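J.: Just dropping this structure here.
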Amino acid sequence: AAPKHADLGDELAEVRFYLDQGLEDDARASLAELERRHPGHPEVGALQRELDRETAPSQQLSGATPLVDLSAEDEEEDAYLSAIFGAGPAPKKKQDKGVEIRASAGVDPGDAATAYDLGMAYREMGLVDDALAQFETAARDPSWEARALVMSGTLRVHRGETDRALTDLRRAIESATNEDELYEAKYELATTYERLGDTNAAVEELQGVPAGYRERDEKLAALEG
């Protein structure tokens, strides 16, 4: 039988987040760590090849004359953001994504489910401020609060806002409406403590997560080792 590989969906999403933010070095470092911990994992290898393909052209042209008018790019970005929030027309390239997201939702943008979905879409597009705003809206609904706060917390970690991230994740634990939400919040809080070097706090949170949940067992063994 084919070997069973660990589910690295969240870890790979983190790598893609780094790429979206232009943090290539962080992305490569995270991929290298995943390869070390999960040698031969097909998804890790696929993302590494994708990263190599995407960065090769820029490396080859690093000394060449810029081909893009940066002032035009800035104008396009401003028009794109204006279009998302209803302030006027936008250029084709970037406007299409934002408008399609709004159109596909088909309901009041103030609705918590819609806000959460928009937040996820903005997150994938690298629009962190917009994503956080939508998750804050979603978190006003008790049934979406824990999920939205977990997403806000993980985004804030990547931005270096660790105090606010910890606050969001602790609130997510308190507002969880079921075990899935509780375990997700505890796992992400433990991961944040691990990043900050607070081993005891990380272990305490992981002990509140059932064995077999994501990489809980491996993390706990490493922290207690």
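J.: Inspect all residues belonging to region 161-169 and state whether any of them is part of a helix (DSSP H, G or I), at pLDDT below 95 and of a type in the set (Val, Ile, Thr).
T.: Yes, region 161-169 contains a residue that is part of a helix (DSSP H, G or I), at pLDDT below 95 and of a type in the set (Val, Ile, Thr).
J.: Taking the residues in region 121-159 that are in a helix (DSSP H, G or I) and more than 15 Å from the chain's Cα centre (by Cα) as candidates, determine which candidate is surrounded by the most Cβ atoms within 10 Å (Cβ to Cβ).
T.: Here the answer is Ala138.
J.: Could I ask something else about it? Pairs under 7 Å by beta carbon, first residue assigned by TED's automatic domain parsing to the domain that holds Asp20 in region 118-140, partner assigned to a helix (DSSP H, G or I), six or more apart or different chains?
T.: From residues that are assigned by TED's automatic domain parsing to the domain that holds Asp20, there are no pairs.
J.: May I ask you to verify whether Ser175 is at pLDDT 95 or above, buried (at least 19 other Cβ atoms within 10 Å of the Cβ) and more than 17 Å from Asp10 (Cβ to Cβ)?
T.: Yes, satisfied.
The values are calculated or read from the model by the stated rules, or taken from the named source; none is laboratory data. Predicted model only: the values in this text are computed from it and were never measured. Because the Cβ atoms are built from the backbone with ideal geometry, glycine has one as well, and the counts that use them run over all protein chains shown.
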